[in-house]
1. Out of residues 5 or more away from residue 85 or on other chains, whose amide H comes under 5 Å of its own, with H placed 1.01 Å from N in the peptide plane?
2. Please compute the contact order of the stretch 4-125 in relative form: average sequence separation of alpha-carbon pairs under 8 Å and at least six residues apart, divided by the residue count, as a percent.
3. When only DSSP loop residues count, what trypsin sites (Lys or Arg not before Pro) in the stretch 47-90 have their Cβ near at most 10 other Cβ atoms within 10 Å?
4. Kindly provide the GluC sites (Glu not before Pro) of the stretch 97-161 that DSSP labels as loop, not H, G, I, E or B, and whose Cβ sees at most 12 other Cβ atoms within 10 Å.
5. HN-Hα J couplings of the stretch 48-61 from phi, Karplus 6.51/-1.76/1.60, θ = phi - 60°, integer Hz, Gly and Pro as x?
6. Calculate the FRET efficiency for residue 26 and residue 92 from the Cβ-Cβ distance with a Förster distance of 25 Å, rounded to the nearest 0.05.
7. What FRET efficiency would be calculated for the residue pair residue 125, residue 42, taking the C-beta separation as r and a Förster radius of 25 Å, to the nearest 0.05?
8. Between rounded, prolate and oblate, where does the chain land on the alpha carbon gyration tensor, with a ≥ b ≥ c its root eigenvalues, rounded for a/c under 1.5, else prolate if a/b exceeds b/c?
Amino acid sequence: MKKTAIFPGSFDPITIGHESIIKRALPLFDELYVAIGINIEKKDFFPIDQRVEWIKKVFKDYQQVKVLKYEGLTVDLCKKLNAGYILRGLRTSADFEFERSIGQINKKLYPEIETMFLLTSTEHTPLNSSMVRDILRHGGDASQFVPQEVDLSAYFKKQIR
Ligand code: ADP
């Protein structure tokens, strides 16, 4: 049976930490859906279609990687796509505690699902999307923290004007 995984998140924006987890997971799965959750309680920084476009651009040469946006429960998306695995990255013990409860609840909701964790590469441990957003909000250059295909310059200029 085809091994399909979902990598859910906000990706607001995708960082080199996300990019690294996705690339390292590719040998483990036949296909990997990067799934951008539409969360009505969270205020987006980058428009969702921009986030989809950036991730597609980063993985344009990787046929295994597909990008989509979704609303609702991640386990419902897994059922819809016939995906047996949820992929998550672990940076710190705080990530672990957060992920543990979500992973265990997802397993209760959908016993066929397995959540798989990859430890973050050392150099990406302090990085998260909210830091990138903070740097941009204050007029800084965050380009070293995002994949080279992600052009933040329009947003960077907007912030310093
Ligand atoms: P969420 O909105 O669920 O916090 P994110 O978009 O921040 O999602 O992250 C999605 C996934 O990527 C999570 O599993 C998170 O742990 C992982 N991740 C985030 N930043 C990094 C990083 N710097 N290195 C590795 N994994 C990361």
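What follows draws every value from the coordinates through simple rules; no lab data is involved. Quick caveat: nothing in here was measured; it's all calculated off a predicted structure. Cβ sites come from the backbone with ideal geometry, for glycine too, and all protein chains shown count toward neighbours.
1. Amide H neighbours of residue 85: 4, 6, 114.
2. Numbers: 164 pairs, mean separation 38.4, N = 122.
It comes to 31 percent, rounded to a whole number.
3. Numbers: sites: 51, 56, 57, 60, 66, 69, 79, 80, 88; in loops: 60.
In loop regions of the stretch 47-90 (DSSP not H, G, I, E or B), the sparsely surrounded trypsin sites (Lys or Arg not before Pro) are 60.
4. Details: sites: 97, 99, 112, 114, 123, 149; in loops: 112, 149.
Within the stretch 97-161, the qualifying GluC sites (Glu not before Pro) (loop, at most 12 other Cβ atoms within 10 Å) are 112.
5. 4, 5, 5, 5, 4, 4, 4, 5, 4, 5, 4, 10, 4, 8
6. Efficiency, rounded to the nearest 0.05: 0.55.
7. It comes out at approximately 0.60.
8. Working: a/c = 1.71, a/b = 1.61, b/c = 1.07.
Verdict is prolate for the chain.
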